[in-house]
Amino acid sequence: MAEVTVKLPNEFLRKLTKLGKQTDAICEKMLEAGAEVVEAKIRDNLRAVIGSGTREPSRSTGELLESLGTSEVKQDADGILNVKVGFAELRSDGESNAKIANIIEYGKHGQPPKPFLKPAKTATRDSCAAAMRQVFDEEVGKL
């Protein structure tokens with residue numbers, strides 16, 4: 001029977017140990033960095049579509065844009081960390097911000113769709129991952 005012994009440098013083992021203890025904190029920072037990129041793109045896209053291409057003057061109050069935000073990083077029942085970018089509820093008129101965003105994104109009878117969420121998702125895929133990798137590299141470099 002063959003036997004293998006692997007000796008890792010002490011500095012590498014120390015960093016691995018520290019990384020193991022700080023994994024959740026590093027993951028939270030990574031998720032926050034990624035969410036920041038996505039939120040900024042959604043905000044830009046939303047500004048561009050609100051009130052554009054309408055037959056009548058826009059009735060936008062700015063509440064939808066103001067309600068856009070990022071949740072705190074939370075851990076689900078399976079231990080997976082999540083962060084959400086979305087709209088806070090409710091509006092001053094009692095309507096749901098999510099409903100208004102859905103109508104803008106997909107349209108309704110007499111109102112054509114003006115997608116802003118899906119294009120943001122597509123456009124930020126690489127930059128979001130890059131921002132998360134950068135935070136990871138910075139945090140590992142601090143160990």
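The values are calculated or read from the model by the stated rules, or taken from the named source; none is laboratory data. If you're wondering where the values come from, they're calculated on a predicted model, not measured in any experiment. Positions of Cβ are backbone-derived with ideal geometry, glycine not excepted, and every protein chain shown enters the neighbour counts. Ligands, DNA and RNA are excluded from the accessible area calculation, which covers all protein heavy atoms including side chains. Shrake-Rupley method; radii C 1.70, N 1.55, O 1.52, S 1.80 Å.
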_Given (1) farther than 13 Å from residue 37 by Cα; (2) open to solvent by less than 60 Å² (accessible area, probe 1.4 Å); (3) among the hydroxyl-bearing types (Ser, Thr, Tyr); (4) in contact (Cβ under 8 Å) with a residue 12 or more places away in the chain, identify the lone condition not met by residue 127._
(1)
_Of the criteria (1) over 19 Å from residue 34 (Cβ atoms); (2) without any contact (Cβ under 8 Å) to a residue 60 or more places away in the chain, which one residue 72 fails_ = (1)
*Given (1) surrounded by 12 or more Cβ atoms within 10 Å (Cβ to Cβ); (2) of a type outside the set (S, T, N, Q); (3) under 21 Å from the mean Cα position of the chain (by Cα); (4) modelled with pLDDT under 95, index of the condition residue 18 fails*: (3)
*With the checklist (1) over 12 Å from the mean Cα position of the chain (by Cα); (2) surrounded by fewer than 16 Cβ atoms within 10 Å (Cβ to Cβ); (3) part of a helix (DSSP H, G or I) in hand, flag the one item residue 45 doesn't pass.*
(2)
*Pull up region 72-93, narrow it to residues that are open to solvent by less than 50 Å² (accessible area, probe 1.4 Å) and part of a loop (DSSP other than H, G, I, E, B), then point me to the one that is farthest from residue 25 (Cα to Cα).*
91
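Every residue, every condition in (1) hydrophobic (A, V, I, L, M, F, W, C); (2) over 16 Å from residue 121 (Cα atoms); (3) in contact with a Phe, Trp or Tyr (Cβ under 6 Å, 6 or more places away or on another chain); (4) modelled with pLDDT of 80 or more, yes or no:
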| residue | (1), (2), (3), (4) |
| --- | --- |
| 2 | yes, yes, no, no |
| 5 | no, yes, no, no |
| 34 | no, no, no, yes |
| 40 | yes, no, no, yes |
| 53 | no, yes, no, no |
| 60 | no, yes, no, no |
| 63 | no, yes, no, yes |
| 70 | no, no, no, yes |
| 76 | no, yes, no, yes |
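For (1) without any contact (Cβ under 8 Å) to a residue 40 or more places away in the chain; (2) out of contact with any helix residue (DSSP H, G or I) (no Cβ under 6 Å at 6 or more places or on another chain), each residue gets a yes or a no:
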| residue | (1), (2) |
| --- | --- |
| 59 | yes, yes |
| 83 | no, no |
| 87 | yes, no |
| 97 | yes, no |
| 100 | yes, no |
| 137 | yes, yes |
| 142 | yes, yes |
